[in-house]
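J.: Please read through the structure below; I'll follow up with questions.
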Amino acid sequence: MELKVKDFESALKSLEEIVAQLEGGDISLDRALELFEEGIKISRFCSAKLEEAERKVETLIKASDGSLKEVPFIPEGEDETEI
């Protein structure tokens, strides 16, 4: 099964549609398994995109001399040593 989504937003929308279909319960077991498999693939795609974005995010901090410097983004509640 080939993944049909190209970006995070369309992947998330597809995932929401799959969840709605599965919650509806009006599908066969075979179709439910197909949707579940597709949902897992889309979920992995989304996770990879989020990890990629997190690696790219950098925060600009003003140094004491007024210049700006780039530092890696550290999510709230995480310690620098955890990265």
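J.: Working only within the stretch 1-39, note down all residues that are touching a Lys or Arg at 6+ places or on another chain (Cβ under 9 Å) and surrounded by 12 or more Cβ atoms within 10 Å (Cβ to Cβ).
T.: Result: L3, V5, F8, S10, A11, S14, Q21, E38.
J.: Name the pairs whose Cβ atoms lie under 6 Å apart, with the first residue in the stretch 14-37 and under 18 Å from L3 (Cα atoms), the second of a type in the set (V, I, T), and 6 or more positions between them or separate chains?
T.: Going by the 6 Å Cβ cut-off, the qualifying pairs are S14/V5; S14/I42; L15/I42; L35/I18.
J.: In the stretch 6-37, which residues are of a type outside the set (A, V, I, L, M, F, W, C) and farther than 30 Å from P75 by Cα? Please lay out each step first, then the result.
T.: From the stretch 6-37, those of a type outside the set (A, V, I, L, M, F, W, C) are 6-7, 9-10, 13-14, 16-17, 21, 23-26, 28, 30-31, 34, 37; that's our starting set.
Residues satisfying the conditions are Q21, E23, G24, G25, D26, S28, D30, R31, E34, E37.
Quick note: the coordinates plus some simple rules give every number you see, no bench work behind them. Everything quoted here is computed from the prediction, not taken from an experiment. So basically every Cβ, Gly included, is an ideal-geometry build from the backbone, and we count neighbours across all protein chains shown.
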